[in-house]
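To start, the structure itself, in structure tokens.
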Amino acid sequence: MKYCPNCGSPNVEWVLPQTWSRWRCKDCGYEGALIIEDGELAKEIRKRYLEKKDR
Ligand SMILES: [Zn+2]
């Protein structure tokens, strides 16, 4: 499972399917090489992201 490093969403996809070097998040629009595979860390990021968004 892969997660967005910006918002913690699992809704990420490859920008170019041939390479694994770039990812795009369908939830927040993040685009970059960094991706998170740790579900616990993603949960924390997701929580903080949603708190920030609500404010
Ligand atoms: Zn995201």
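The values are calculated or read from the model by the stated rules, or taken from the named source; none is laboratory data. All values derive from a computational prediction rather than experimental measurement. Heads up, the Cβs are rebuilt from the backbone with ideal geometry, glycines too, and the neighbour counts pull from every protein chain shown.
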Problem - Residue within the range 33-46 that is within 18 Å of M1 (Cβ to Cβ), under 10 Å from the mean Cα position of the chain (by Cα) and surrounded by fewer than 12 Cβ atoms within 10 Å (Cβ to Cβ) present - result: yes
Exercise for the section: Being closer than 19 Å to D54 by Cα and more than 11 Å from the ligand (Cβ to nearest atom) is the filter here, so list the residues in the range 1-42 that pass it. Expected result: none
Handout entry: Pairs where the first residue, in the range 1-15, is small (G, A, S) and the second is more than 11 Å from the ligand (Cβ to nearest atom) and not in a strand (DSSP E or B), C-beta under 7 Å, 6+ apart
Key = G8/K43
Problem - One residue from L41, L34 being assigned to a loop (DSSP other than H, G, I, E, B), among the hydrophobic types (A, V, I, L, M, F, W, C) and in contact with a strand residue (DSSP E or B) (Cβ under 8 Å, 6 or more places away or on another chain) - result: L34
Problem - Subset of the range 8-28 that is small (G, A, S) and modelled with pLDDT of 95 or more - its residue that is surrounded by the fewest Cβ atoms within 10 Å (Cβ to Cβ) - result: S9
Practice task
Tell me which residues, restricted to the range 1-31, are outside any loop (DSSP other than H, G, I, E, B) and acidic (D, E).
Solution key: E13, E31
